[in-house]
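Visitor: Below are the structure tokens for one structure; questions will follow.
FYI, it's all coordinate maths here, none of it is from the lab. Just so it is clear, the model here is predicted, and its values are computed rather than measured. Ideal geometry is used to build each Cβ from the backbone, glycine not excepted, and the neighbour counts take in all protein chains shown.
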Amino acid sequence: METHERRRAILAHLQAAREPVPGSVLAKQFGVSRQVIVQDMSVLRAAGHPILPTTRGYIWLSAANVPRPRLVVAVRHTPEQTQDELERLVDLGVTVVDVIVEHPIYGEVRGQLMHSTRAHVRAFLERLRETQARLLSELTDGVHLHTLEADDPARLDMAVAVLRQAGYLIE
């Protein structure tokens, strides 16, 4: 399959998918390495295609899944409290879109999360353990931002209250 054909097929696959599509799945489907898929995604995103890379795979950002109420919150907690923070949020029906830290050299550093269930949170934490990676918030002594989104703005208000009650919210 030619490169341009593969990229068209990737776009069609992402547009039809209901869940994030891991790069490894696409690599297997198209008989290429995961690195080739990463490169394809970079080219497609640079061309303006609304593809969001997350820890669980690639997501096509259609008009149906973009315009939800959003809120950015500033929080601080230890690495050991990460699961508690994320589960409190997803239990409210809130999606934790990303994590953002302010790095003294690089400026804003953002990691895409897209956690909306406890299963997503557990998979993220398991991958963290398996890879022995560090949380971005560890670069800033636990201080970080999250972009939160929900179908109902009231859920975002509840998220702020829950984070405040847990002592994680920075006000």
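Visitor: Could you calculate, for region 70-166, the ratio of the Cα radius of gyration to the Kirkwood radius, expressed as Rg to Rh?
Guide: My calculation puts Rg/Rh at 0.95.
Visitor: If you take the beta carbon distance between Glu19 and Glu87 as r and set R0 to 30 Å, what does 1/(1 + (r/R0)^6) give as a FRET efficiency, to the nearest 0.05?
Guide: That pair, Glu19 with Glu87, gives E of 0.90.
Visitor: Something else: Which of the chymotrypsin sites (Phe, Trp or Tyr not before Pro) found in region 35-135 are loop residues per DSSP with 13 or fewer other Cβ atoms within 10 Å of their Cβ?
Guide: Hits after loop and neighbour filter: Tyr106.
Visitor: What list of ³J(HN,Hα) couplings, whole Hz, do you get for region 134-140 from phi and the Karplus terms 6.51, -1.76, 1.60, once you set θ to phi - 60° and write x for glycine and proline?
Guide: Calculated HN-Hα couplings, in order: 10, 6, 4, 5, 5, 6, 10 Hz.
Visitor: Once the dipole of the chain is set up with Lys and Arg at +1 and Asp and Glu at -1 on Cβ about the Cα centre, which of Gln81, Gln29, Val99 lies farthest towards its positive end?
Guide: Gln29
Visitor: I need the GluC sites (Glu not before Pro) found in region 106-144, filtered to DSSP loop residues with at most 10 other beta carbons within 10 Å of theirs.
Guide: none
Visitor: Taking a cut-off of 26 Å, what percent of all Cα-Cα pairs in the chain are separated by more than that? Could you put the intermediate results ahead of the total?
Guide: On the way: 5112 of 14535 pairs.
Value for the chain (Cα pairs over 26 Å): 35 percent.
Visitor: Would you kindly state the longest site-free stretch of the chain, with sites defined as trypsin sites (Lys or Arg not before Pro) in a DSSP loop (not H, G, I, E, B) surrounded by at most 11 other Cβ atoms within 10 Å?
Guide: 19-133
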